[in-house]
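Single-structure report; data block below.
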Amino acid sequence: MVFNSLKFAAFFVVFFLLYWLIFNRNNKIQNLFFLLGSYVFYCWWDWRFLALIIGSSLVNYLLGIYIDKSENEKRRKFLVLLGLIQGLGGLLFFKYFNFFIDTFISAFSLININLSIHTLNIILPLGISFYTFRAISYLLDIDSGKIKPTTDWVIFFSYIAFFPCLTAGPIDRAKSLIPQLEKKRVFDYSHATDAMRQILWGLFKKVVIADNCATCTNAIFENYKTLPASSLLFGAFYFAIQIYSDFSGYSDMAIGFSRLLGFNVTKNFNFPIFAQNISEFWQKWHISLTSWMTDYVFTPLSFIFRTSGKSGLILSILINFILIGLWHGSNWTFILFGFLQGCYFIPLVLNGTLNRKRVKEGTHLLPSFNEFLRMAGTFTLVMLTVVLFRSETIGQAFSYYQAIISTSLLSAPKIPLDKAVKIVTIIFIIIMIIVEWLQRDKEHGLDIENIKNSFLRLSIYYTIIAVILIFAGQKVTFIYAQF
Amino acid sequence: MERNEIKKEVKIIFVSVLKNNNFEISDELTANDVDGWDSLSHMVIVTEVEKHFDIKFKLKDLNKLNNIGNLIDLVALKTEQKLILPDGL
Amino acid sequence: MLSRFIKKVVYLFIIPVLILCIVLEYSIRRIPNDYYYKNKWLSENSGNLQILSLGASNGYFGINPEFFTKKAFNAAHISQSMNYDLFIFNKFLPSFDSLQYLILPVTESTLISSLETSDEFWRIKNYTIYYGCEYHRFEPQYNLAFYGDNLFSVLSRISGYYLHGNSELYCNKFGFGLNYSFSKKSKDWERSGILAARRHKKESSGKLFNENLSYLNQLIEECHKKDIVVVLLITPAWHSYLDNIDIKQLESTLLTYKHMAEENNNVRFIDMHNDKRFREKDFFDADHLDEFGAKKLTLILNDTLKTLGNTNP
């Protein structure tokens, strides 16, 4: 049940009305109903793993309480370890098991030993990457004394199964979400209307930009062997825009739906297209994941390696990004993607430009020439690596790269598609970029509360709705739902 | 060591790592208020502070830091401990 | 606060969108199309129909009932799978008083595919709306004529019909598909064989196979009761298609069809995959005939049907 479906619309309207009109008496009833709604939502996607998410919630709920209680340091460490094994073990099994077996077999076949281990037909439980990370951060934060465990199981179970963010994030921390679950939510008119704007903008990015880009990227990536290099560059560009608008659009919708129910969920994208270097890019891209990795992977690593100076920092960055890559899926392409992202940081670390005061894009209308060059450069670097995201094997990605580096780079791009689709897609990409540039210091692209003329606001909404209805691309499943 | 003295020296370390002088050091100052103080430069600062005061932090101590005030308190605590328990004891 | 919000959303957004949807739905449904026409024709004429042809695109573009001497009709639709063949047949079964032959064009993927799991699943709504099919009665997306298209194509369909008179009826009055006759041979048609073969290569699914087999058996059984001969027909294909299909998949399905013909005395199996009488000019693309090919195939079938008795030799 993706957000941009009639089914979800029907589900959410019913849920919204019941939540605010009937199950609104007190905090307990609100939470119970919210939890019920989350499980209904989960079952609608796939009921098979409901027991898994409930079991995992129960284990982590109890561990949280016991970790907090145990005075004995050893016992405490043991309980934390148990939680990590449970969470990461589940991820490893469901997400990475077959990958490891395959890698194992091919490693042995290199030295002429043929193993016959069967891989299992494992289906990835929906949202497991997201809810596992919530649970792990909860336990680690209790262990480090940042938070106290909740003793209300409904609250904890709702935190884990928080349905607007269950399938594709943002990955909220207990510290920000649990206190919100502990208080009775009150309907706020201006929050709700702004939430609607955010949903509308997210929907536009998802169904107009991302889905139309998908048509273009598919046409290019499926025929990359026969197309001129300039088209392949366009393919990488379209795909970079596609994953950005797909994922940030979906995050906008998730945040909007949460806000409609009275929750404030963490921001997931902060207009990364306008990042001026790679470090800034990763502070603006999939923020809830990168900040999670920073807190629980990068910081401990860089602490351990801190005596080795710059090489220690580089090593921590590389490990951190390889793991970020691997989080996206069990394939060598994702590992290489992460590794390359980490490598992009090396010049920054070596030059010491990493920490230099960043030139803030001012509030002026246009970026300066230097700013523009830095943004374009950063985007190009990212664009080149997302080819790995779209390829099935590293070999395929490399033959794509090889095809880009050829003389036909200078010839006119040729994309085997209807002219109208190409033009419409490019026009809307440009419109999205301009709007997001103008709105770059706002919470989301359509935060237009400052426009006081309500007629103008209304015409903007109708225009976007009309654009969505008229130009919505082919239905493409949401890329991130399988992660 | 005097708390104010620590504050001054910490400020010098910040400026030399961040190459940035446009912030006033105060107890409430957090990473959000200072340009360039992010997760990457944070550990460089920590290492420099350790070197400068000849102390060793624990990861757990660092996790609890919320602002510069906390950091200065931690440095003060560690330098005191060092006086009471000199190396080798 | 809440009621103000709800009112605003309902009055400013939900009601206008709902009205728009109703207008669009009504206008789209009034455009005549194949599904509407074929349902209507069958409702009126099934009583004296002698030959009925069903199946997917290879039947739709391959059999032109104009050239049968007996009264014949082609009720194939693009990507029509076995469950919908059975549905159409059953719907008009009570009035098939003079039906003698049921022609069922099949392919090597027929038994392991369904409209529901194909890329053409959006066609399901046509069976619900125009044939009154109950398979998906309670799923809104299969009951709305405009669903699955964006507004741009919906509007261009509407303006196409109401302003320029372009109906969406693409078959002749015997149900034979004309789209491929309007356009000439598809470009790059050697390659089309490779693509089509790839498209038809399916993960074999035991569940789908068993379902389709049971639909086919039901069809055969009903035909048996009414003394109707079922002709399982594999239509001609170009070598670029034949060279690229999954041999295993082909052999196992051929075996199934042969087996059916042996087991049931009202079933005949005709395999014209590699029939040399069909030449380049008879094909639209590697796995579909054009209007010349369809005429040739129908005339051949017309002769063949005469030699087929009502029971197996």
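Loop only by DSSP, 15 or fewer other Cβ within 10 Å of the Cβ. Give me the GluC sites (Glu not before Pro) in chain B that pass, ordered by residue number.
Those that pass, being in a loop and sparsely packed, are B:Glu2, B:Glu24, B:Glu28.
Whole-Hz ³J(HN,Hα) for each residue in segment A:245-254, computed from phi via Karplus 6.51 cos²θ - 1.76 cosθ + 1.60 with θ = phi - 60°, x for glycine and proline: what do you get?
Once rounded to whole Hz, the list reads 6, 4, 6, 6, x, 5, 5, 4, 5, 4.
Could you work out the relative contact order of segment B:3-84, using alpha carbon pairs under 8 angstrom and six or more residues apart, expressed as a whole percent?
Normalised by residue count, the contact order of segment B:3-84 is 40 percent.
If each of C:Arg137 and A:Ile54 carries a label point 7 Å out from its Cα toward its Cβ, how far apart are those two points in nm?
Spacing of the two 7 Å Cα→Cβ label points: 3.3 nm.
Please list the non-local residues whose amide H lies under 5 Å from the amide H of C:Val231, H modeled 1.01 Å from N, same-chain partners needing a gap of 5 or more.
C:Leu102, C:Ile103, C:Leu104, C:Arg268
For A:Asp46 and A:Phe398, compute 0.36 nm times the residue count separating them, minus their Cα-Cα distance, and round to one decimal in nm.
123.1 nm
Please label the shape of segment A:413-452 as rounded, prolate or oblate, based on the square roots a ≥ b ≥ c of the eigenvalues of the alpha-carbon gyration tensor (a/c under 1.5 means rounded; beyond that, a/b larger than b/c means prolate, else oblate).
In terms of gyration-tensor shape, prolate.
Sorting check: for C:140-147, A:258-265, C:250-257, which peptide has the highest mean count of neighbouring beta carbons within 10 Å, and how do the rest follow?
Ranked by mean Cβ neighbours within 10 Å, highest first: A:258-265, C:140-147, C:250-257.
Want the number for A:Leu32 to A:Leu417: 0.36 nm per residue separation, take away the alpha-carbon distance, what's left?
My answer for the length gained is 133.6 nm.
Have a look at the protein assembly as shown and give its Rg and Dmax from the Cα atoms, expressed in angstrom.
In Å, with Rg to one decimal and Dmax whole: 32.7, 113.
Can you work out ³J(HN,Hα) from phi for every residue in segment B:39-45, in order, using Karplus 6.51 cos²θ - 1.76 cosθ + 1.60 and θ = phi - 60°, giving whole Hz and x for Gly and Pro?
Rounded to whole hertz, the list is 4, 6, 7, 3, 5, 5, 4.
Once you place label points 7 Å from the Cα toward the Cβ at A:Leu384 and B:Asn32, how far apart are they in nm?
The modelled label-to-label distance comes out at 3.6 nm.
Taking the Cα-to-Cβ direction at C:Ile194 and at B:Asp54 and moving 7 Å from each Cα, how far apart do the two end points lie in nm?
The modelled label-to-label distance comes out at 7.5 nm.
Per-residue Cβ counts within 10 Å, from other chains only, averaged over A:461-472: what number is that?
Across A:461-472, the average partner-chain Cβ count within 10 Å equals 3.
What list of whole percents do you get for P(r) of segment A:361-474, with Cα-Cα distances grouped in 5 Å bins up to the one holding the largest distance?
2, 8, 10, 16, 17, 16, 14, 9, 4, 2, 1, 0
When a/c reaches 1.5 or more, the comparison of a/b and b/c decides; with that in mind, is segment A:231-388 rounded, prolate or oblate per its Cα gyration tensor?
Rounded, since a/c falls under 1.5.
Counting Lys and Arg as +1 and Asp and Glu as -1, each charge on the Cβ, what is the dipole of segment A:6-186 about the Cα centre in debye, to the nearest 20?
Approximately 500 debye in magnitude.
Would you mind giving the mean number of other chain beta-carbons within 10 Å of the Cβ of each residue in B:41-48, as a whole number?
Average per residue, whole number: 6.
State the answer as a single residue: which of C:Phe87, C:Leu115, C:Ile51 lies farthest towards the positive end of the charge dipole of segment C:37-140, with beta carbon charges of +1 for Lys and Arg and -1 for Asp and Glu, about the Cα centre.
The listed residue farthest towards the positive side: C:Ile51.
Distance check, please: which entries in C:Lys125/C:Lys201; A:Lys7/C:Lys207; A:Lys206/A:Lys419; A:Lys69/B:Lys64; C:Lys40/C:Lys207; C:Lys71/C:Lys226 exceed 29 angstrom between their Cα atoms?
Pairs exceeding 29 Å: C:Lys40/C:Lys207.
Please state the equivalent ellipsoid semi-axes for segment A:6-186: what are the square roots of 5 times the Cα gyration tensor eigenvalues, largest first, in whole Å?
34, 24, 11
When the Cα atoms of chain C are enclosed in a convex hull and the volume is divided per residue, what value in Å³ results?
160 Å³
For segment C:151-162, in order, what is each residue's ³J(HN,Hα) by Karplus, 6.51 cos²θ - 1.76 cosθ + 1.60 with θ = phi - 60°, in whole Hz (x at glycine and Pro)?
4, 4, 6, 4, 5, 6, 5, 5, 5, x, 7, 6
Residues with amide H under 5 Å of C:Cys171's amide H, sequence separation 5 or more or different chain, H placed in the peptide plane at 1.01 Å from N; which?
When sequence neighbours closer than 5 places are left aside, the close amide H contacts are C:Leu178.
Compute the orientation-averaged projected area for chain A from the convex hull of its Cα atoms and round it to one decimal in nm².
Result: 26.3 nm².
Given a Förster distance of 56 angstrom, what is the FRET efficiency for C:Asn265 paired with A:Ala466, based on the Cβ-Cβ distance and rounded to 0.05?
Rounded to the nearest 0.05, the efficiency is 0.35.
Over segment A:1-119, what is the relative contact order in percent, taking alpha-carbon pairs closer than 8 angstrom and at least six residues apart?
13 percent
Classify segment A:1-97 as rounded, prolate or oblate from the Cα gyration tensor: take a ≥ b ≥ c as the square roots of its eigenvalues, call it rounded if a/c is under 1.5, otherwise prolate when a/b beats b/c and oblate if not.
oblate
Counting only other chains, what is the mean number of Cβ atoms within 10 angstrom of the Cβ of each residue in peptide A:300-312?
3
Considering amide H positions built from the backbone, and no H for Pro or chain starts, which residues 5 or more places from A:Asp172, or on another chain, come under 5 Å of its amide H?
none
How do the peptides C:237-248, C:103-114 rank, highest first, by the average count of neighbouring beta carbon atoms within 10 Å per residue?
C:103-114, C:237-248
Bear in mind these aren't lab numbers, they're just calculated from the coordinates by the rules spelled out. Please read these numbers as outputs of a predicted model, since none were measured by experiment. All Cβ positions, glycine included, derive from the backbone under ideal geometry; neighbour counts span all protein chains shown.
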